[in-house]
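Heads up: the structure comes next, in structure tokens.
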Amino acid sequence: MKITKICCIGAGYVGGPTMAVIAQKCPDIQVTVVDLNEQRIADWNDPNPENIPIYEPGLSEIVSEARGRNLFFSTDVDKAIDEAQMIFISVNTPTKTYGKGKGMAADLKYIELCARQIARVAKQNKIVVEKSTLPVRTAEAIKSILENTGNGVQFQILSNPEFLAEGTAVTDLLNPDRILIGGDTTSEGQKAIQALVDVYANWVSKDRILTTNVWSSELSKLTANAFLAQRISSINAMSELCEKTEANVSEVARAIGMDSRIGAKFLKASVGFGGSCFQKDILNLVYIAKSYGLNEVADYWEQVIIMNDHQKRRFSNKIVQTLYNTVADKKIAFLGWAFKKDTNDTRESAAIYVADDLINEQAKISVYDPKVTRNKMISDLDYLETRNNQENSSYLETLDNAYDACKDAHAVAVLTEWDEFTTYDWKRIYDSMHKPAFVFDGRNILDAKKLEAIGFIYQGIGS
Ligand code: UDX
Ligand code: ADP
């Protein structure tokens, strides 16, 4: 079966970039991305491609090339479902905030709504592709909804998890390590898998396209994220030990990273991992393990989260302790709010938790982030429900450049590894600050020796 029309439900950090690249690489396929959020679709359709709602290096260029040609953004979900032979589900699956599994299980209400909508609208056979990261065996629920509420048409369900990382989404999509496609072992299932393989084969070599059964594919995504997060928590655990022993965590990471069995990536000690995936997926894995009665498995993975929470808290504690055990009324400048560089996404960013801790100590936080808006920062704090919107607004100041953010501050805390922070005139920043002036480098990106020569008291992670 040759696919000529694709629909993607969900125009977020996954759906948007993924569909833009599919459209760019497959000019014969019409790709329509739909979302319930009207503002989001309006932003994707903004005549100026620089104003699209998601910041990713290289994305606006691809959108401007394909949009209007074979890439469309729309709020007409029914029409897009009806026309497409293949439907990607890329809606969000946040951690449940209510009921059974609260704080752990993935909330599948948006997925279920999509499945019901597809079932209601579809008048011809469709291939439904799970793109969102989902708990293992979600395809079973989707299948059951489609088959029991549909119009008697046939559905094939594939799992095709997205491995792109934010900030590098476009290059990850253009040169993926692998594409994973899980489907039914029946001949219909195999045909559906082949249809999706053919889409990717437009730009990905066949030896990088891996096909499995649906459950392996669903579980592989959770496993990949759990392993990656575990590496960060492992090196972060070592960072604390380094600080006690005069070892240097960057040196340790380099030494072990050169062991080809361990490998060099994902060994950067930091103030803690953030992002929409790692915490959510591990909590979900823990919940699934528990629900099968596998308590040791659950405890093992939960420790990755416990370590990450500890690392964030340890960082804010260190700031308070170093500033003579009181930060009340002191201005602390934050460089960066996003969970990593080159994205405007702040979900689960360590900066939010560090700010919350410091505001509890009545510090004034003054933030500069190149891509995150003030509204987003305040709403991130509001979401924690530690204090109300007015209080958060009064404690959090935002500036459009780092020099103003740091002026009169007692300390600078680096929360995101934006490249531009390494290029600043740090002498100028030092001169404008209270003395002694401290730098807490939560990303180990600044040159400690250079800062110390200027007069700063520098503290990184793990040294
Ligand atoms: C992650 C996975 O990498 C991706 O494959 C999956 O599909 C979604 O989740 P993402 O959350 O976009 O992607 O970012 P990633 O680059 O993995 O970073 C996650 C967090 O870990 C960031 O806060 C980052 O700063 C932190 N990190 C990463 C470290 O602290 N140290 C490292 O060595 C690497
Ligand atoms: P991700 O990082 O997984 O892409 P986002 O939150 O950025 O997550 O994007 C998910 C998008 O899915 C949101 O824009 C949301 O409005 C959209 N969405 C959720 N449920 C539905 C639905 N039933 N129909 C259409 N769009 C939906």
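The values are calculated or read from the model by the stated rules, or taken from the named source; none is laboratory data. This one's a predicted model, so the numbers in the text were calculated from it and none came from an experiment. Positions of Cβ are generated from backbone atoms using ideal geometry, with glycine treated the same way; all protein chains shown enter the neighbour counts.
Taking the range 320-347 as the region of interest, how many residues are more than 18 Å from residue 387 (Cα to Cα) and either surrounded by fewer than 24 Cβ atoms within 10 Å (Cβ to Cβ) or among the polar types (S, T, N, Q) (or both)?
17
Could you check, for the range 235-251, whether at least one of its residues is in a helix (DSSP H, G or I), within 10 Å of ligand 1 (Cβ to nearest atom) and either under 25 Å from the mean Cα position of the chain (by Cα) or basic (Lys, Arg) (or both)?
Yes.
Which residue, of 239, 187, 205, is within 30 Å of residue 298 (Cα to Cα), modelled with pLDDT of 95 or more and polar (S, T, N, Q)? Please lay out each step first, then the result.
Numbers: 187 fails: within 30 Å of residue 298 (Cα to Cα); 205 fails: within 30 Å of residue 298 (Cα to Cα).
Going through 239, 187, 205 in turn, just one is within 30 Å of residue 298 (Cα to Cα), modelled with pLDDT of 95 or more and polar (S, T, N, Q): 239.
Residue 384 versus (1) without any contact (Cβ under 8 Å) to a residue 24 or more places away in the chain; (2) surrounded by fewer than 15 Cβ atoms within 10 Å (Cβ to Cβ); (3) under 22 Å from residue 318 (Cα atoms): which is the lone unmet condition?
(1)
Might you let me know whether the range 162-175 holds any residue that is modelled with pLDDT of 95 or more, of a type outside the set (Ser, Thr, Tyr), more than 16 Å from ligand 2 (Cβ to nearest atom) and surrounded by fewer than 19 Cβ atoms within 10 Å (Cβ to Cβ)?
Yes, the range 162-175 has at least one match.
Hey, among 245, 171, which residue is under 25 Å from residue 307 (Cα atoms) and of a type in the set (Ser, Thr, Tyr)? Step through it out loud before you land on a result.
Numbers: 171 fails: under 25 Å from residue 307 (Cα atoms).
Within the list 245, 171, the selection yields 245.
Which condition number does residue 158 fail, the rest of (1) outside any loop (DSSP other than H, G, I, E, B); (2) under 20 Å from the mean Cα position of the chain (by Cα); (3) closer than 19 Å to residue 91 by Cα being met?
(2)
Scan the range 206-228 residue by residue and report those that are in contact with an Asp or Glu (Cβ under 8 Å, 6 or more places away or on another chain) and assigned to a helix (DSSP H, G or I). Before the answer, list the steps.
Within the range 206-228, the subset in contact with an Asp or Glu (Cβ under 8 Å, 6 or more places away or on another chain) is 208, 213-214, 218, 221-222, 225-226.
Listed by number, the residues that qualify are 208, 214, 218, 221, 222, 225, 226.
Search the range 430-463 for residues being of a type in the set (Val, Ile, Thr) and outside any helix (DSSP H, G or I), and hand back the single one that is nearest to residue 419 (Cα to Cα). Quick ask: steps written out before the conclusion?
Narrowing the range 430-463 to residues of a type in the set (Val, Ile, Thr): 439, 445, 454, 457, 461.
Now restrict to residues that are outside any helix (DSSP H, G or I): 439, 445, 457, 461.
Numbers: 439: 17, 445: 8, 457: 21, 461: 18 Å.
Restricting to residues being of a type in the set (Val, Ile, Thr) and outside any helix (DSSP H, G or I), the top hit is 445.
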